[in-house]
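Worksheet for the structure shown next.
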């Protein structure tokens with residue numbers, strides 16, 4: 001279900017070298033490199049990761065089928081919303097069976113939200129903490145069921161209240177509408193919780209929005225939250241090796257162009273140098289970020305930008321923690337039955353538990 005991207009990558013060099021070394025008889029036609037470092041590589045087979053679970057191997061095939069059936073990103077938004085809502089609703093229903101929770105629709109700060117709490121009740125040591133989830137979906141879809149997919153397992157495993165925000169999206173709305181909505185919810189929560197006890201996280205578009213929201217808080221002179229999670233996303237625009245290699249590893253044709261944030265309807269007219277869009281554009285702003293957890297997989301087109309984000313955050317003096325799962329694709333933990341997903345939920349919960357209230 002990944003958007004197409006394009007170009008060449010150093011990863012190809014490594015993979016090609018490994019294959020040619022192991023199988024010298026396939027050394028013709030030769031791998032070629034032009035003056036700009038662009039590569040032409042002979043076709044070869046890339047096995048699924050030997051480090052991944054059998055469940056992930058089976059899920060990978062289903063993920064490819066879902067991606068091939070998805071409406072085009074530049075098609076009618078209603079078709080994309082209906083398609084992904086069907087998938088997310090099925091996932092959320094499964095999650096509710098695996099991770100029993102209570103769900104309540106609530107307007108907070110004038111913004112629609114869903115409040116997710118563990119069915120047995122909030123854990124005693126989490127009573128004065130709260131997490132805010134910002135769902136993924138290319139700033140086009142994901143409201144409702146998409147937010148539940150990202151909130152249910154974290155609320156259940158962590159014994160904590162999670163509020164997932166149905167922020168405004170494109171094409172009906174443009175930047176900074178979503179940042180304003182997150183800030184409206186955050187202001188209301190600040191009346192009940194100290195900032196250090198509030199965590200914010202999101203996946204894909206929601207991960208990017210998490211960074212944008214923190215930048216917006218700083219711009220609005222609001223205190224930053226205690227910790228944040230940027231999953232399958234970044235504080236820089238999409239790029240690097242994985243933007244070119246991951247689509248191929250996910251069974252798509254070799255890409256010819258990299259999709260940039262500016263190509264999404266929500267970011268129409270924005271300046272890519274604006275630190276409120278990409279916080280990494282301002283090291284001074286970045287230095288004010290709270291502890292940050294980054295999660296990605298080696299078959300995620302956003303892996304390189306996540307790695308670059310961790311590097312820049314660390315350079316700015318921020319406590320930035322990066323976890324990468326081999327063989328995993330974009331938003332892999334949306335599928336709750338894989339061991340890798342369960343590991344990711346545990347990492348998220350432990351990270352926020354370590355940092356909130358500190």
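Structural remarks
- In this entry, residue 73 passes the filter for residues that are assigned to a loop (DSSP other than H, G, I, E, B), surrounded by fewer than 19 Cβ atoms within 10 Å (Cβ to Cβ) and in contact (Cβ under 8 Å) with a residue 40 or more places away in the chain.
- Residues of region 255-271 classified as surrounded by 14 or more Cβ atoms within 10 Å (Cβ to Cβ), part of a loop (DSSP other than H, G, I, E, B) and more than 17 Å from the chain's Cα centre (by Cα), total: 3
- Just one of the listed residues (48, 44) is assigned to a loop (DSSP other than H, G, I, E, B), farther than 26 Å from residue 136 by Cβ, in contact (Cβ under 8 Å) with a residue 24 or more places away in the chain and more than 19 Å from the chain's Cα centre (by Cα), and it is 44.
- Scanning region 51-70 for residues that are in contact with a helix residue (DSSP H, G or I) (Cβ under 7 Å, 6 or more places away or on another chain) and assigned to a helix (DSSP H, G or I), we see that the one that is surrounded by the fewest Cβ atoms within 10 Å (Cβ to Cβ) is 66.
- Of the residues making up region 155-179, those that are in a helix (DSSP H, G or I) and crowded, with 17+ Cβ neighbours inside 10 Å number 5.
- Among the residues making up region 317-337, those that are assigned to a loop (DSSP other than H, G, I, E, B) and crowded, with 23+ Cβ neighbours inside 10 Å are 330, 331.
Residues are listed down the side, and each one gets a yes or a no for (1) touching a residue at least 24 places away in the same chain (Cβ under 8 Å); (2) in a loop (DSSP other than H, G, I, E, B); (3) under 17 Å from the mean Cα position of the chain (by Cα); (4) more than 13 Å from residue 208 (Cβ to Cβ):
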{"position": "273", "(1), (2), (3), (4)": "no, yes, no, yes"}
{"position": "277", "(1), (2), (3), (4)": "yes, yes, yes, no"}
{"position": "280", "(1), (2), (3), (4)": "yes, no, yes, no"}
{"position": "284", "(1), (2), (3), (4)": "no, no, no, yes"}
{"position": "290", "(1), (2), (3), (4)": "yes, yes, no, yes"}
{"position": "293", "(1), (2), (3), (4)": "yes, no, yes, yes"}
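- Residue in region 341-358 that is in contact with a strand residue (DSSP E or B) (Cβ under 6 Å, 6 or more places away or on another chain), more than 26 Å from residue 55 (Cβ to Cβ), modelled with pLDDT of 95 or more and crowded, with 20+ Cβ neighbours inside 10 Å present: yes
- The one condition from (1) in a helix (DSSP H, G or I); (2) within 24 Å of residue 152 (Cβ to Cβ); (3) in contact with a strand residue (DSSP E or B) (Cβ under 8 Å, 6 or more places away or on another chain) that residue 314 does not meet is (2).
- Given (1) in contact with a strand residue (DSSP E or B) (Cβ under 8 Å, 6 or more places away or on another chain); (2) modelled with pLDDT of 95 or more; (3) exposed (fewer than 15 other Cβ atoms within 10 Å of the Cβ), number of the condition residue 48 does not satisfy: (2)
- If you check 87, 122, 107 for being in a strand (DSSP E or B) and free of Cβ contacts under 8 Å to residues at least 40 places away in the same chain, only one passes: 107.
- Any chance residue 102 is without any contact (Cβ under 8 Å) to a residue 24 or more places away in the chain, touching a strand residue (DSSP E or B) at 6+ places or on another chain (Cβ under 6 Å) and either in a strand (DSSP E or B) or surrounded by fewer than 18 Cβ atoms within 10 Å (Cβ to Cβ) (or both): yes
- Filtered residue count, region 126-140, keeping only those that are surrounded by fewer than 24 Cβ atoms within 10 Å (Cβ to Cβ), touching a residue at least 24 places away in the same chain (Cβ under 8 Å) and in a loop (DSSP other than H, G, I, E, B): 5
- Taking region 275-289 as the range and being surrounded by fewer than 22 Cβ atoms within 10 Å (Cβ to Cβ) and in contact with a helix residue (DSSP H, G or I) (Cβ under 7 Å, 6 or more places away or on another chain) as the test, the residues that pass are 275, 276, 285, 288.
- Residue ID - surrounded by the most Cβ atoms within 10 Å (Cβ to Cβ), chosen from residues in region 180-193 that are out of contact with any helix residue (DSSP H, G or I) (no Cβ under 6 Å at 6 or more places or on another chain) and in a helix (DSSP H, G or I): 186
- Being in contact with a helix residue (DSSP H, G or I) (Cβ under 8 Å, 6 or more places away or on another chain) and more than 14 Å from residue 200 (Cα to Cα) holds for only one residue in 165, 111, 132, and it is 111.
The values are calculated or read from the model by the stated rules, or taken from the named source; none is laboratory data. Treat the numbers as computed from the prediction; the structure is a model and nothing was measured. FYI the Cβ positions are ideal-geometry reconstructions off the backbone, even for glycines, and counts take in every protein chain you see.
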